[in-house]
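Enquirer: Structure incoming, see below.
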Amino acid sequence: MSREHASSPPSRGAVSLASLRPGACGLIESVDTSTPVGRRLADLGFLPETPVRVLRRAPLGDPTVYELRGYRLCMRRDEAARVLVVPIDPRPSAAP
């Protein structure tokens, strides 16, 4: 099964991982695996339905540190742009 952006249209509300601000969280929707960088991101755990959090961004805006699957990864904006996410609320939901 292909994990390329082109294989399925993005859902409404999906944005590039690079566009999320520090402190924001998202659920990975797809990864553009048509390039070696995109395939490597998938190998590193950037897979659909995986939660990811933006921790911090360098003073000049690039690179950015992300947290997913129990580890942290620093990557440049053009690399993060290969990942589409659906933004989610970073706070845990309280039971009613």
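Since every read-out is calculated from the coordinates, none of them should be taken as a lab result. Note that this is a predicted model, so its numbers are computed, not measured. In this analysis, Cβ positions are derived from the backbone assuming ideal geometry, glycine residues included, and neighbour counts consider all displayed protein chains.
Enquirer: Please list, in order along segment 59-65, the HN-Hα scalar couplings obtained from phi with the Karplus expression 6.51 cos²θ - 1.76 cosθ + 1.60 (θ = phi - 60°), rounded to whole Hz, x for Gly and Pro.
Expert: x, 8, x, 7, x, 10, 9
Enquirer: A follow-up question, please. Label-point separation (nm) for THR35 and SER16, each offset 7 Å from Cα along Cα-to-Cβ?
Expert: Here the answer is 1.0 nm between the modelled labels.
Enquirer: Moving to a separate point now. Based on the mean of other Cβ atoms within 10 Å per residue, sort peptides 76-86, 33-43, 57-67 so the most packed one is first.
Expert: On the way: 76-86: 19.4, 33-43: 15.5, 57-67: 13.5.
Descending packing order for the listed peptides: 76-86, 33-43, 57-67.
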